[in-house]
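Have a look at the structure below, then the notes.
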Amino acid sequence: KRRSQLKYEAGYNDDTEKVRAAILAAAKREPGTLHDPAPDVFINAYKDSSVEYCINIWFSITTYWDSVHRMNSLVREEFERHGVHMTYQHVNVHMMEG
């Protein structure tokens, strides 16, 4: 077995528990996920435009890369299903009159 630490970013307005639930739902759907030890999701960093979440997850060595690639797709699907917004680098500009 081999451990991977995958990183995903969500918006600051997204509920932490919803983000965690979405990532864990993706891990549950991925057939290559080993559940002992159980996957663990945590906040890794507060970035300029997003909150970075990590999942420590174990996969079978024979399916490792396929599992990693599928996880990326599954997380995107689960974010959509859970109403979590994938974000990107951006700057908010506030214009004031007067």
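Every number here is computed from the coordinates shown, using simple stated rules; none is lab data. Remember, predicted model here, so these are calculated numbers, not experimental data. As a convention, Cβ positions derive from the backbone with ideal geometry for all residues, glycine included, and neighbour counts pool all protein chains shown.
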Acute angle (nearest 10 degrees) that the helix 64-82 long axis makes with the longest principal axis of the chain, alpha-carbon atoms
40 degrees
222 nm [θ] for the chain, helices only, -39500 (n - 2.57) per DSSP H run of 4+, per residue, to 500?
-11000 deg cm²/dmol
Residue-span extension gain [Arg3 to Tyr64] - 0.36 nm each, minus C-alpha spacing:
21.1 nm
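If you count, for each residue, the other Cβ atoms within 10 Å and average over each peptide, how do 27-35, 9-17, 83-91 line up from highest to lowest?
By packing density, highest mean first, the sequence is 27-35, 9-17, 83-91.
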Between helix 16-29 and the chain: long-axis angle, C-alpha atoms, 0 to 90°, nearest 10
30 degrees
How high is the FRET efficiency between Tyr46 and Val93 when r is their beta carbon distance and R₀ equals 25 Å, given to the nearest 0.05?
0.75
When we measure straight from the Cα of Lys47, which lysines land under 23 angstrom away, once same-chain ones fewer than 8 places off are left out?
Lys7, Lys18
